[in-house]
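Undergrad: Quick one: structure below, then a few questions.
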Amino acid sequence: MTTHEVTAPALTNMLEARGVTRRQFLKFCGVVAASIGLTEAAIPDIARALEIGATSGKLAPVIWLEQSSCTGCTESLAQVGSPDVATVVLELLSLNYSETLSAGAGHSVEQAKEDTINAGGYILLIEGAVMEGWDGNALRIAEEKGTDIVAHAAQNAVAVVATGSCAVDGGFCAAKPNPAGAVGVQAFLKSRGINTPVVNLPACPVNPEWIISVVVDYLLLGKLPDLDKYGRPVLIFGQTIHDNCPRRGHFENGEFVYRFGSEEEAKGYCLYPVGCKGPQTYSNCPIVRWNDGASWCVEYGAPCAGCSCANPLKAGGNWVDVNAPFQKRHRVVKIGSWITQPSTIGAIVGGFMVVALTAHGFGMKLAGRVPSGAEFEKARAWDVKHPDKALFPKTLKKDGDE
Amino acid sequence: MPESNETLVAPAPVVDNTPLGKKLNLSGKSVIDPITRIEGHLRIEMEVEGGVVKNAWASGGLFRGMELILEGREPGDACYVAQRICGVCPVSHCHASCFAGEGAYGIQIPNNARIIRNLLEGAQFLHSHILWFYNLTGLDYVNPINALKADIADTAALGLESIKNSTPLVKALMPDWNFADTQVADFAGVKNRLEAFAANGQLSIFSGNWFDSGAGDEYKLPPELDLIATTHYLEALQMQAKASQISGILGGKMPHVMASVPGGTTFYPTEQRLDDVLFRAIEIRDWVAGTLIPDTLAVAPFYMDDFGYGRGYGKTVAWGVFDAPSRKPEDRYLPAGIVDMNKLTCKMWDEKLITEDTTHAYYDDAAGTEANPRQGITAPAWPSDGYNVNNKYSWSKSPRYEGEPLEAGPLSRVLSAYLQGNAFFKKAVDAVLQYLGVPGRVDVLVSTMGRVAARNIECLYVANLMIDWINELCAALKGGDTEFFAEPETTTGEGAGMWEAPRGAIYHYEKIKNNKIQKYQIIIPTTWNVGPRDKNGTPGPIEQALIGVPVNDMNKPIQALRTVHSFDPCIACAVHITEPKTGKKFTTVTSPWGVR
């Protein structure tokens, strides 16, 4: 392999030409490094990996297919910060097909896609669920069924990145009653006997930093990131939202938000009683954040809806079916995985699996921090006794009576 | 520098000779599938005769069944799930769903939440309009490759010139505006970047481009203006992201905002949060005034022909958007109105007069082919003859108002505001028409290029409103108003959210019992525009607008593409394009550098 030295002035010139300061760029490389589990020492290597393509005429070819998508994942990619999406699609990658960004249309872009497939060596990004309904006619593009398009493009790809929950397991499209037969890419390819490796990046939409980090990992190290049993990069999805949540301290203190738009929210109290799924949802959102770091759901008082909860191995594991109702605290309480939470105890009540609380979790009273326990404890106790009844009202009265 | 009251005069329009298609007498079937640079999957099939479109069929290619997914869930969940219809305008779906939920709950959101909802919606409008003009439809008019020929000194001079040219308009609308505040971009830097890209030789997003459409002269801008627009294409990517950051801040993240729910907002705005919004809003407003508006005025004179086609029916629908304190649709900052441009009338809507027709859509006729959405049933069925323009050919339904197809979008809102005497739009529209050399001819806006102009005028309006709303919110907070969320009064009832997405009128309806959704129906803006023929065989608005469009290239019918783009279709919302069944093979992708 020929080493390609990036001299500081060359890099600086390249970045200046696109309105990115060197500092911004290195910060970006830092985010990428963190996402793929490298230390800051790797930043120059990442910068070099990103720069190689820009000068050698060998940008990694990429096809971006939209299936049953809302284009939210493409939109999300467009929100990436430094470098911006123009740099990504013009100088870091060769995005040869994208229904949203391609300049061409109709026959000519379809031809560009076909040429890229025939040449091989491309990364295939798929956004949206594969739709099997009506024998694949739920989605037709250029007189072909969506299913056939995915199978054809995946066959020759070096890797498939399922971007967003819909592509991972059908996402909301697969929510009951799954009217159009939505399935995830991995399950679909398996059913067609196609063995191209799949990286799953769930969330609705995908976080753009994750896409870049997977691609950089591939460009830099010539391999895909380490994946868990769900095909997700371990370093992105190895910890829960709760593990890294800035509101976590208030959870420990038993300080909760019981009503949307309240002062408790502004104080940064924990959103668990209003339905936050952070304890059971795996993702590094609190660290990487969204919209170039401007915010993320929980920071602005929105309970985590668990949109990165996806199960490509099991139908019905989509985030909507698992996590709705979103704005209510679940009867089934999970904190992380109870394998790694040995103090968690399980019980089966009336057909509901109630995984009761950990010592440091809802047993604040056990921990002695809140003498009578958190204010929703009474209601929770009532829930456990009345599994067939409706959950207590959406927002709790302060006295927590039931 | 010209004074604000000085008359605007456009540069001399390019004189177009007989269209190529007419000379060549192009005839036959022309298909664009997929239509790119839109949201979702859309096929357009056209019958061409003598270089002109005689008939057209629009087919939405995707069915997901959102309404069916929402049944049995709760209104609070519906606003989260329903916005997944569209990653470009999730905020509008979220809000329409919230309004429907609030109607069912029998509540109205607190005043603070109303202002925040306007800010959040406004940020999405800015995001969407900026992205659409530069990054989506922009490539129908701008050829970045041609920018390589630009002279840098001339480009800088032309850039200044177009800013000066637009100053009277902008100053009429924003009296404190000073064009000297506009920073002139680094055109040389961008040209270097383009040269490096060209030298690298991989086409990336320019693979399969249409820059050579027709005789290769359909892209009419001089290289200097191409360079300016390309530079601003890159800036626009950053600006749309800034606008989305505002949505992210007020909504948790964007796309798919999580902090706006039935009842109000989940958060309580702190000083720091408001400040984060304000500085971004100011930066975007200044960019829209100093870049987007001048570019619009600079590009339009080269495409005067595009004001002459793509008209459609001239009948439009706007439910209205951005609530005023009265919460009445007619008082909204962009007011409700059903407009007939043939008679220059504007009236208030009545929800009962809406129907959806499924005669030519992939739905089961046994479930009925026409109904008001409150009674409508979503019964998808793939027909035995598949896609067939003589029978069923789209997943999109056909909404009708009093039995007629109506166009939805920024044009609809601008016409509604203009005809109702909104001072901003009176001034802005009249000034633009004068600039184009067609004073008083509001009907000129009902065209392919007219939709572009209307959308960009609206963008400036919303960019200014953002600052007003932040001030309004600060004043309310200082006055001691701490309400941001209202509890449900009841959990059984029904409600409709009639609102606007950036691309037009949006309708969500839900009926709930004990907080569970029994029925949910949605009419999305693009459904109004892209819907197929109805029971009477009347074409949908895009189909109608395509009739009469010149075609100079059967494989790359750029004028047709511009016309479809002028509606900013959002098909995941509505429904996909296909390729001809003629067995015609793809031949070559022509590009200046070849395919690598």
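The values are calculated or read from the model by the stated rules, or taken from the named source; none is laboratory data. No experiment lies behind these values; they were computed from the predicted model shown. Glycine also receives a Cβ, built like all others from the backbone with ideal geometry; neighbour counts cover every protein chain displayed.
Undergrad: Confirm whether A:VAL168 is at pLDDT 95 or above and more than 13 Å from A:GLY316 (Cα to Cα).
TA: Criteria not met by A:VAL168.
Undergrad: Between a first residue in the stretch A:72-94 that is over 15 Å from A:VAL62 (Cβ atoms) and a second residue that is in a loop (DSSP other than H, G, I, E, B) and modelled with pLDDT under 75, which pairs have beta carbons less than 7 Å apart while being 6 or more apart in sequence or on different chains?
TA: Pairs found: A:SER82/A:VAL20; A:PRO83/A:ARG18; A:PRO83/A:VAL20.
Undergrad: Out of everything in the stretch A:309-327 that is surrounded by fewer than 24 Cβ atoms within 10 Å (Cβ to Cβ) and not polar (S, T, N, Q), what residue ends up being nearest to A:VAL160 (Cα to Cα)?
TA: Going through the qualifying residues, I end up with A:LEU313.
Undergrad: Still on this structure, I have one more. Being within 14 Å of chain A (Cβ to nearest Cβ), more than 25 Å from B:TYR362 (Cα to Cα), touching an Asp or Glu at 6+ places or on another chain (Cβ under 8 Å) and modelled with pLDDT under 95 is true for just one of B:THR482, B:THR491. Which residue is that?
TA: The unique qualifying residue is B:THR482.
Undergrad: Limited to the stretch A:229-271, what total is found for residues that are touching a Ser or Thr at 6+ places or on another chain (Cβ under 9 Å), buried (at least 21 other Cβ atoms within 10 Å of the Cβ) and under 30 Å from A:PRO312 (Cβ atoms)?
TA: Total satisfying the criteria: 8.
Undergrad: Across the stretch A:257-270, what is the total count of residues that are more than 8 Å from every other protein chain (Cβ to nearest Cβ), of a type outside the set (Lys, Arg) and outside any helix (DSSP H, G or I)?
TA: Residues meeting the conditions: 5.
Undergrad: Take B:ILE152 and decide whether it is surrounded by fewer than 21 Cβ atoms within 10 Å (Cβ to Cβ), more than 25 Å from the chain's Cα centre (by Cα) and either under 28 Å from B:VAL564 (Cβ atoms) or within 14 Å of chain A (Cβ to nearest Cβ) (or both). Talk me through it step by step, then tell me what you get.
TA: Working: surrounded by fewer than 21 Cβ atoms within 10 Å (Cβ to Cβ): yes; more than 25 Å from the chain's Cα centre (by Cα): yes; either under 28 Å from B:VAL564 (Cβ atoms) or within 14 Å of chain A (Cβ to nearest Cβ) (or both): yes.
Yes: the conditions hold for B:ILE152.
Undergrad: When the residues of the stretch B:20-51 are filtered to those that are more than 28 Å from B:ILE205 (Cα to Cα) and crowded, with 18+ Cβ neighbours inside 10 Å, which remaining residue is farthest from the other protein chains (Cβ to nearest Cβ)? Step through it out loud before you land on a result.
TA: Of all residues in the stretch B:20-51, those more than 28 Å from B:ILE205 (Cα to Cα) come to B:22-28, B:47-51.
From what's left, crowded, with 18+ Cβ neighbours inside 10 Å: B:26, B:48, B:51.
Details: B:LEU26: 16, B:VAL48: 14, B:GLY51: 18 Å.
Top of the filtered list is B:GLY51.
Undergrad: For the stretch A:272-307, which residues satisfy the criterion of being touching a Ser or Thr at 6+ places or on another chain (Cβ under 8 Å), among the hydrophobic types (A, V, I, L, M, F, W, C) and more than 7 Å from every other protein chain (Cβ to nearest Cβ)?
TA: A:VAL274, A:CYS285, A:VAL288, A:CYS304, A:CYS307
Undergrad: Here's a check for you: in the stretch B:155-199, which residue that is part of a loop (DSSP other than H, G, I, E, B) and touching a helix residue (DSSP H, G or I) at 6+ places or on another chain (Cβ under 9 Å) is farthest from the other protein chains (Cβ to nearest Cβ)?
TA: Here the residue is B:MET174.
Undergrad: How many of the residues making up the stretch B:412-446 are more than 21 Å from B:ALA501 (Cβ to Cβ) and surrounded by 24 or more Cβ atoms within 10 Å (Cβ to Cβ)?
TA: Total satisfying the criteria: 2.
Undergrad: Right, something else. Among A:VAL215, A:VAL185, which is the only one that is at pLDDT 90 or above and under 16 Å from the mean Cα position of the chain (by Cα)?
TA: Answer to the check: A:VAL185.
Undergrad: Looking at the stretch B:164-212 only, could you name the residues that are over 13 Å from B:THR231 (Cβ atoms), out of contact with any strand residue (DSSP E or B) (no Cβ under 9 Å at 6 or more places or on another chain), hydrophobic (A, V, I, L, M, F, W, C) and crowded, with 23+ Cβ neighbours inside 10 Å?
TA: B:LEU169, B:VAL170, B:PHE206, B:TRP210 - these are the residues of the stretch B:164-212 that are over 13 Å from B:THR231 (Cβ atoms), out of contact with any strand residue (DSSP E or B) (no Cβ under 9 Å at 6 or more places or on another chain), hydrophobic (A, V, I, L, M, F, W, C) and crowded, with 23+ Cβ neighbours inside 10 Å.
Undergrad: Return a yes/no flag: does the stretch A:120-139 have any residue that is touching a helix residue (DSSP H, G or I) at 6+ places or on another chain (Cβ under 7 Å), within 7 Å of chain B (Cβ to nearest Cβ) and farther than 24 Å from B:ILE145 by Cβ.
TA: Yes, the stretch A:120-139 contains a residue that is touching a helix residue (DSSP H, G or I) at 6+ places or on another chain (Cβ under 7 Å), within 7 Å of chain B (Cβ to nearest Cβ) and farther than 24 Å from B:ILE145 by Cβ.
Undergrad: Conditions first: (1) part of a loop (DSSP other than H, G, I, E, B); (2) under 19 Å from A:ALA129 (Cβ atoms). A:LEU189 passes all but one, so which condition is the exception?
TA: The failed condition is (1).
Undergrad: Also: If I filter the stretch A:159-186 down to residues being in a helix (DSSP H, G or I) and of a type outside the set (A, V, I, L, M), which single residue comes out as farthest from the other protein chains (Cβ to nearest Cβ)?
TA: Applying the first criterion (in a helix (DSSP H, G or I)) to the stretch A:159-186 yields A:165-169, A:171-174, A:185-186.
If we keep only those that are of a type outside the set (A, V, I, L, M) too, we end up with A:165-166, A:169, A:171-173, A:186.
Numbers: A:SER165: 9, A:CYS166: 8, A:ASP169: 14, A:GLY171: 8, A:PHE172: 5, A:CYS173: 5, A:GLN186: 20 Å.
So the residue we want is A:GLN186.
Undergrad: (1) crowded, with 24+ Cβ neighbours inside 10 Å; (2) within 22 Å of B:CYS570 (Cβ to Cβ); (3) more than 8 Å from chain B (Cβ to nearest Cβ): which one isn't true of A:PRO202, the others all being true?
TA: (2)
For every residue, the table says whether it meets (1) closer than 22 Å to B:PHE211 by Cβ; (2) in contact with a Gly (Cβ under 6 Å, 6 or more places away or on another chain); (3) crowded, with 24+ Cβ neighbours inside 10 Å.
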{"site": "A:LEU90", "(1), (2), (3)": "yes, no, yes"}
{"site": "A:LEU93", "(1), (2), (3)": "yes, no, yes"}
{"site": "A:THR100", "(1), (2), (3)": "yes, no, yes"}
{"site": "A:SER108", "(1), (2), (3)": "yes, yes, yes"}
{"site": "A:ALA112", "(1), (2), (3)": "yes, yes, yes"}
{"site": "A:ALA119", "(1), (2), (3)": "no, no, no"}
{"site": "A:TYR122", "(1), (2), (3)": "no, no, no"}
{"site": "A:ILE126", "(1), (2), (3)": "no, no, yes"}
{"site": "A:MET131", "(1), (2), (3)": "no, yes, yes"}
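Undergrad: With respect to B:ALA147, determine if the residue is modelled with pLDDT of 90 or more, surrounded by 17 or more Cβ atoms within 10 Å (Cβ to Cβ), in a helix (DSSP H, G or I) and aliphatic (A, V, I, L, M).
TA: Here the answer is yes, as B:ALA147 does meet what is asked.
Undergrad: For A:ARG232, are the conditions met, namely being away from every other protein chain (no Cβ under 13 Å) and within 24 Å of A:GLN155 (Cα to Cα)?
TA: In short, yes.
Undergrad: Check off (1) buried (at least 24 other Cβ atoms within 10 Å of the Cβ); (2) within 24 Å of A:LYS314 (Cα to Cα) for A:ASP135 and give me the number that stays unchecked.
TA: (1)
Undergrad: If you scan the stretch B:111-134, which residues turn out to be touching a Phe, Trp or Tyr at 6+ places or on another chain (Cβ under 6 Å) and within 12 Å of another protein chain (Cβ to nearest Cβ)?
TA: Passing the criteria: B:ASN112, B:ALA113, B:TYR134.
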